[in-house]
Structures are given as structure tokens and as C-alpha cells.
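To start, the structure itself, in C-alpha cells.
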Amino acid sequence: MNARLLAAATGSWLVLWLPPIRHTLESDMVLHMAVQVPLLIMLGVLVAVVARDREPRWLADADWLGIPGIVAVVLGTSFWMLPRALDQAVSDPWADLIKFLSLPLLVGVPLGLSWRRMPPLGRAFIWANFIPKLGAIGGLYLGAPTRLCAYYRLDQQELAGWTLIAIAVALGMTWFFAAFVGWTPSCAKQSPRRSGGFLIAAVGGN
Amino acid sequence: MTIAATAGRTAINPRAAVLAYLAVSGIVLLLMMLLGLTMRLAQAQWIDVSPDFFYVVMTMHGAGMVGIAGLCSAAVMWHFVRRHVPVSTAVFLTNLVFFLIGAVLILGAGFIGGFGAAWTFLFPLPAHSGGLWSVNAAAAYLVGLIFIGVGFLLLHLDIARGILSVYGGLGAALGVKQAFGLAHGEEGPPPAVTASTMALIANILGILVGAAVLIISLVNLYVPSFTFNALAAKNLIYYFGHTFINVTIYMAVIAVYEILPIYAHRAWKTNWAFYLAWVLSTVFVLTVYTHHLLMDFAMPTWTLVAGQVISWLSGLPVLLVTAFGTLTVVYRSGLRWNPAAALVFLGVAGWAIGVIPAIADGTIAVNSVMHNTQWVPGHFHTYLLLGMVAMVLGFMTYLTNPQSRYGVAWLGYWLYLLGGVVFVLAFLSAGSASVPRRYAVHVAQWLPYDRIGSIGAACAIAGVLILIVRFFVGMRTAASAQDPSG
Ligand code: HEM
């Protein structure tokens, strides 16, 4: 099972790296930000699922309440949200390779490992920060006076802005309705009543 | 379902934490009331305040009052909800610390930086000070709001966690099944849980929206070329601001559900109508804010029509079941009136009465005449000062030795009530005579309203001062005491 997961993750990574696919996904700002980047992070999360059992104890201990890991996630994603960084990835294959390695390994893996360690309140707080920030960045894309990325047109930037706002609204609504009906993802079902239902949603359970 | 909350899990005494909230609230409430009085006296031309400073005071009074209303009503909510669900005292106190940091930033922005763009910080005003305040002062104000928002977010999320761990879903905690006849009303969640659920739904969504618009405003301050659609920003700000202040009443009303039954020796009965009211008000509170935009002709007409209709309906369901419930609990119960019971009772009355001019103003035809008049502070001071604050003062009196020294508390009660009535009536009658709101300088014809209003305000503040001093006197014994309910 683990070997298969790892093979699937590596295979998907290679497929994403194939020039036609890579160039298609990077030719458009929305595809780049809202499809390629999250996919790369997800591949890292898959790796974390495999690595979980082999994680050295000292690492688990050092990752107190999952905070260091989640800080790494925040830093990694923030870096790849910088217009300059995205530009660099489009223009320079080496920079793109760094993106292809850092998003799974420095964002996806810590996300998969640390999220489970975070107490429910911490996870909920991260969601509650992530959603408005996504919306605000979308709003700023719409309000920006000029192109933010040298490689993307103004209309692509506007579409990216609306996409981010739509994702923020969709995430907010999903979060709300999940809490309203008390939905818990199957991976977190162990003790939904004790652990706080939806708050443990997303990557990995308790 | 009762849970011994966090007992034994934390070294911090939860009761002392509630008292700390109330102590901070008492002091800030009084200080903010004095700022309000300063404005009224300036409008009455009894004291001299420069117009620049008037707007600083107005901004500080608005932001300070809205913030402290949130804080003290959160204390009421937390005190009662923790009887039913596990919550963290540490998180509760974290909110207080965040609040204090935010308050320092906001006060610094106003009194040191001169920020005076009103508590509503409507975009793009913070960035256009006309030289009255610096960009940093505006940023300090916005960051202060973010601190306060983050604190409340944590508090509501923690209560959500506790509620979900007991009830499974927010819908169940709100009593949706009971509301639609799918379960017996008597088996529904306790009123404190239902009210806390509505408060957290509304405030979490409001804070998320508020955070987004605050970030955008901050960026606009430092990089003015990043603009944002001003009408969209206004929508977002009112979504957050209106919801936040509105929810304070829904948190404070828990005091009525919990305190009156103790003195009346009668349980607060819940039935399907009670839960249906809370479900409806939850939906309305999230959609009612458009009545703040009735003057914005660029808004799509349907949103304004919806704003009008929802304004009529919004508070009514919960208000009706609460007012009706209050009367049934009190009627022929043999209740021996004491200041705590009288204050929470007054809270329901002040809320019910204040809603009437509010509904009038939520009507487009009336709004186009009354909107920027003192009718508006008239109606919201009625249900905030004589409604929400009365409920909180009732809670404070209830916690701190309600058995003795009634005499002085009654004096405080009557001064506060009579002064408060005169103060709000002065606003309402000035509004009906078209005296504009938010004017630093008033013409001679308006002065009688301002002067009567000032006298009323001074009496009300004296009454509140007595009640709060009495609270501080009783605080020491209250920290170690049991609830009067036993
Ligand atoms: C005795 C107590 C109080 C006094 C003397 C007072 C006085 C005032 C005055 C004079 C104004 C400006 C009116 C105008 O626009 O011309 C005002 C505005 C306001 N007050 Fe009060 N007030 C008191 C209590 C409260 C309370 C308890 C709250 C809320 C919990 C509150 C919230 C506000 C808000 C939100 C505004 C609007 C500020 C703005 O227009 O930006 N006030 N108050």
C-alpha cells in the first residue's frame, strides 16, 4: 500500500514535470496558482502519509503541537505566492525545479505530518486565517493598478483574483456547512464527539 | 447535559477570569461614557472642543463601545455556556489580552495619532486624512481591530470546539430539529448553548469577512495605488461591523435566560417557537446589514429591498420569544425584585423599545429622511445603553453579592434608568427634528436637545458609576463564592 502510494506520488510528479503539461499549467495564472501549486503540495502530503510511520521520534518531539511544521507551510506557500517567484519559475527551468521540489517536500510533507499534531483549535485558527487571506489577495489582484507578474496578462490576473475569491467563498461555505451538520471526514472519525468534528478536517486524522 | 467544564484541567479560576473581564469592562464602559458625555457637552456648547478632536473622540467612543460591548457580553456568554460544554479558560483569557493590546493600539491611534475616521473606517477614508493623521496612525487603528478580531475568533472557535464535542453539529446546538418539530422542544439544547451557537456562527463569518477588508485597507494605506471598489468595501465592513455589534445583544441576553428564572423560581421553558426564533434570527443577522446601505443608490435595488424586509424581521423572532418568555417567567411568580433582576428585566424592555425606532429607520422611505440624523444614535443607544448594557450590569450585580446593600444599588439603577431615558429621548426627538448626526458644531436651534441630552447622560453615568463601584466592592468575595443559584 505504502509503496504504491509512493509510486503514485512520484509518477504524478513526473507527469506534472513533463514539458507539455508543465507549460500548459504555467501558461495561465489561474492554472499555475490554483491547480499546479496545490497539486504539488498534495503530492507532498501523500509522501507524508507514507513517511508517517517511519518518522523519527526526535522530529515528532521537536514539532511541538505541529507549530514548526505549519510555520514551514506558511513560509513556503507565502514565498510561492510572490509574483516575482512565480515569474522566475516560468522563465527559468532551474527555478521551476526548485518549486517542484520545495512545494512537495517543504510544504506538503510538513503539512501532512504536522497537521495531525495540531490541536483542533489551532487547525480551526489556521483555516480561519487562510480563508480571508485568500479572499484579500484575490481582492488585491483585482485592485492592482498594474500587472503583478511579468508573464501574465492583466485579464489573466483579474481572472486569478476572482478565482481566489471564489475559492475563499467556497472554502468558507464548506467549512460552515460541515460544522453545521457535524460532518467529519472519514479519516478523523475515530472520536468525532470528543475531538470536535469538522475542526479536525483536512489532511490526516487524529 | 451539564459538564463540569474545565474544572481541574486548568490552574486559572474561571470565575476569576469572568470577573477580570467584567472589571475591565466596567472601567472601559465608564471611560467611554465620559467620552460620549464630552461629545454631548461639546454639541451643547457647554464645553469647548475643537472639531478635529471631536472626531477623534467620536471614533474612540464608537470603537471603544463596540469593542467593550463585545467583551462584556462575551463574558456573560462564556460564564453560562461553560456549564454545558467544555471550554478553555486559557483561550478565554487570551481573548482579553488580545483585546487589551488592540485597545492600546486604537487609543494610541486616536489620542496620539489623531485618527478620526469614525469606528467604521470606511474605505478609503483612513488613507485620506487631509493631514489630520498619519498613515501609521490609521494603520495602528486597523491593526488594533485585527488584534481584537483575532482574540474573538479564538474565543468563538474554542466555544465551537466545545459545542461540537457535545452536540456533534452546530445545527443540533442551535436546536434546528426542535425548531422544525422533528424533536421535542423540551429536549433541546439549553438556551445558553443555542445563543452561543448563533453568536459564534455570526461572529466567525463576520470576522473572516472583516479580516479580508482590513488587510486590503492596510495595503491601500501604504500602497495607495492598490485601490478597491469602495462600495464592495462598505458592504464588507458593515457585514463585519453590524454583525459584531448586533451579536453583543444575543450574547448578553443569556443573562436574562439564566438570571431571571433563579429569582423567579421558575425554569425558562424552551419550545419549538424558541428554537425557530433563534434559527431565523441566525439567518437574518447575517443578511440584515444592507440596511446600512439604503442611501447607496449604486447598490442593486433588490439588495436594498431585502435589507428593508429583513430589517423588519431580523431581531423580532428572538426578541418576541425573549420578551414573552420574560413575562411568563415573571408574571405571578412572586418574584421579590432586586437590582439584578430589575436590570436584566430592564434590558429586555430597552431592547424591545429600541427596536421600534430601528425598524422605522430600516424602512427605505423613512431612511431617506432620517438616515443621517440623530434618530440613528437615538435608536441604537436605546437598545445598547438601556438593553445590552442593562443586561450586563444585571449580570455584574448578580455575581457580586446580590443579597446586601440593595439601597445604593437601587439608587444607581434609577439614576441610570431615568438618565438613560432622557438621554435617548433627546437623541430621538432631535432626530425627528432633523438634527444631523456626527456634527461637531451645532446651531442654536439644536442646543436644547443637546443640553437636555447632556443632563440625562450625566445622570445615567452617575448611576452606572454607582453600580460599577458596587461591583468592585463585591468582587473580592465574589471571586471565591458560589453562584447564587447554588
Ligand atoms: C451615557 C452613555 C453614552 C453617551 C453620553 C454617549 C454619547 C454619544 C454621542 C454624543 C454620540 C455622537 C452622536 C452624534 O453622532 O451626533 C455617540 C455615538 C455613538 N455611540 Fe454613544 N454614548 C453613550 C453610550 C454608548 C453605548 C453604551 C454604546 C454601545 C455599547 C455607544 C455606542 C456609540 C456608537 C457606536 C456611536 C456612533 C459613533 C459614530 O457615529 O461613528 N454609546 N454616543
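Can you find even one residue in the range A:45-58 that is under 30 Å from A:Q156 (Cα atoms) and surrounded by 13 or more Cβ atoms within 10 Å (Cβ to Cβ)? Working first, answer last.
Filtering the range A:45-58 down to residues under 30 Å from A:Q156 (Cα atoms) leaves A:45.
Okay, now just the ones that are also surrounded by 13 or more Cβ atoms within 10 Å (Cβ to Cβ), so A:45.
Looking for residues that are under 30 Å from A:Q156 (Cα atoms) and surrounded by 13 or more Cβ atoms within 10 Å (Cβ to Cβ), one finds at least one in the range A:45-58, hence yes.
How many residues does the range B:430-463 contain that are touching a residue at least 24 places away in the same chain (Cβ under 8 Å), in a helix (DSSP H, G or I) and either more than 12 Å from the ligand (Cβ to nearest atom) or on the phi > 0 side of the Ramachandran plot (or both)?
4
Scan B:L105, B:L132 and give me the residue that is farther than 16 Å from B:G62 by Cβ and either at pLDDT 95 or above or touching a helix residue (DSSP H, G or I) at 6+ places or on another chain (Cβ under 9 Å) (or both). Working first, answer last.
On the way: B:L105 fails: farther than 16 Å from B:G62 by Cβ.
Being farther than 16 Å from B:G62 by Cβ and either at pLDDT 95 or above or touching a helix residue (DSSP H, G or I) at 6+ places or on another chain (Cβ under 9 Å) (or both) holds for just one of B:L105, B:L132, which is B:L132.
Looking at B:Q403, is it modelled with pLDDT under 95, more than 21 Å from the chain's Cα centre (by Cα), more than 13 Å from the ligand (Cβ to nearest atom) and open to solvent by 10 Å² or more (accessible area, probe 1.4 Å)?
yes
Table: residues versus (1) open to solvent by 20 Å² or more (accessible area, probe 1.4 Å); (2) away from the ligand (no atom under 15 Å from the Cβ); (3) out of contact with any strand residue (DSSP E or B) (no Cβ under 7 Å at 6 or more places or on another chain).
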| site | (1), (2), (3) |
| --- | --- |
| B:M39 | yes, no, yes |
| B:Q45 | yes, no, yes |
| B:D48 | yes, yes, yes |
| B:T59 | no, no, yes |
| B:A75 | no, no, yes |
| B:R83 | yes, yes, yes |
| B:F98 | yes, yes, yes |
| B:F111 | yes, yes, yes |
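Residue by residue through the range B:296-311, note down the ones that are farther than 19 Å from B:I245 by Cβ and either open to solvent by 40 Å² or more (accessible area, probe 1.4 Å) or without any contact (Cβ under 8 Å) to a residue 60 or more places away in the chain (or both).
B:F297, B:A298, B:P300, B:T301, B:W302, B:T303, B:V305, B:A306, B:Q308, B:V309
Would you be able to tell me the number of residues in the range B:362-396 that are under 19 Å from B:V435 (Cα atoms) and either within 11 Å of the ligand (Cβ to nearest atom) or open to solvent by less than 10 Å² (accessible area, probe 1.4 Å) (or both)?
Summing the residues that are under 19 Å from B:V435 (Cα atoms) and either within 11 Å of the ligand (Cβ to nearest atom) or open to solvent by less than 10 Å² (accessible area, probe 1.4 Å) (or both) in the range B:362-396 gives 12.
What number of residues in the range A:99-132 are touching a residue at least 24 places away in the same chain (Cβ under 8 Å), within 14 Å of chain B (Cβ to nearest Cβ) and assigned to a helix (DSSP H, G or I)? Lay out the reasoning, then the answer.
Taking the range A:99-132 first, the residues touching a residue at least 24 places away in the same chain (Cβ under 8 Å) are A:99-100, A:102-124, A:126-127, A:130-132.
Restricting the remaining residues to those that are within 14 Å of chain B (Cβ to nearest Cβ) gives A:118-124, A:126-127, A:130-132.
Checking the rest, the ones that are also assigned to a helix (DSSP H, G or I) come to A:120-124, A:126-127, A:130-132.
Selection size over the range A:99-132: 10.
This table checks each residue for (1) crowded, with 24+ Cβ neighbours inside 10 Å; (2) within 14 Å of chain A (Cβ to nearest Cβ); (3) of a type in the set (G, A, S).
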| position | (1), (2), (3) |
| --- | --- |
| B:G131 | no, no, yes |
| B:N136 | no, no, no |
| B:Y141 | yes, no, no |
| B:I146 | no, yes, no |
| B:V150 | no, yes, no |
| B:H156 | yes, yes, no |
| B:A160 | yes, yes, yes |
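Looking for whichever is closer than 30 Å to A:G143 by Cα, touching a Gly at 6+ places or on another chain (Cβ under 9 Å) and either in contact (Cβ under 8 Å) with a residue 60 or more places away in the chain or crowded, with 20+ Cβ neighbours inside 10 Å (or both) here; the options are B:T248, B:T270, B:T227. Which one fits? Before you say what the answer is, go through the steps one by one.
Numbers: B:T248 fails: closer than 30 Å to A:G143 by Cα; B:T270 fails: closer than 30 Å to A:G143 by Cα.
Within the list B:T248, B:T270, B:T227, the selection yields B:T227.
Among the listed residues A:L105, A:L75, A:L113, which satisfies the condition of being of a type outside the set (V, I, T) and within 29 Å of B:G206 (Cα to Cα)? Working first, answer last.
Numbers: A:L105 fails: within 29 Å of B:G206 (Cα to Cα); A:L113 fails: within 29 Å of B:G206 (Cα to Cα).
Just one listed residue meets the conditions, A:L75.
Within the range A:100-145, how many residues turn out to be among the hydrophobic types (A, V, I, L, M, F, W, C), closer than 16 Å to A:I167 by Cβ and open to solvent by less than 20 Å² (accessible area, probe 1.4 Å)?
The total comes to 4.
Tell me which residues, restricted to the range A:146-159, are among the polar types (S, T, N, Q) and either more than 13 Å from every other protein chain (Cβ to nearest Cβ) or crowded, with 17+ Cβ neighbours inside 10 Å (or both). Explain how you work it out, then say what you get.
Here is the first cut: in the range A:146-159, the ones among the polar types (S, T, N, Q) are A:146, A:156-157.
Residues satisfying the conditions are A:Q156, A:Q157.
Identify all residues within the range B:162-177 that are open to solvent by 20 Å² or more (accessible area, probe 1.4 Å) and more than 8 Å from chain A (Cβ to nearest Cβ); write none if there are none.
B:V176, B:K177
In the range B:210-242, how many residues are assigned to a helix (DSSP H, G or I), within 14 Å of chain A (Cβ to nearest Cβ) and not aliphatic (A, V, I, L, M)?
Quick first cut of the range B:210-242, residues assigned to a helix (DSSP H, G or I) only: B:210-222, B:230-242.
Remaining after also requiring within 14 Å of chain A (Cβ to nearest Cβ): B:210-222, B:230-237, B:239-240.
Next cut, not aliphatic (A, V, I, L, M) only: B:210, B:217, B:220, B:222, B:234-235, B:239-240.
Summing the residues that are assigned to a helix (DSSP H, G or I), within 14 Å of chain A (Cβ to nearest Cβ) and not aliphatic (A, V, I, L, M) in the range B:210-242 gives 8.
The values are calculated or read from the model by the stated rules, or taken from the named source; none is laboratory data. These numbers come from a predicted model, not from an experiment. Quick reminder, even Gly has a Cβ in these numbers, built from the backbone with ideal geometry, and neighbours come from all protein chains shown. What goes into the accessible areas is simple: the full protein's heavy atoms, side chains included, and nothing from ligands, DNA or RNA. Shrake-Rupley method; radii C 1.70, N 1.55, O 1.52, S 1.80 Å.
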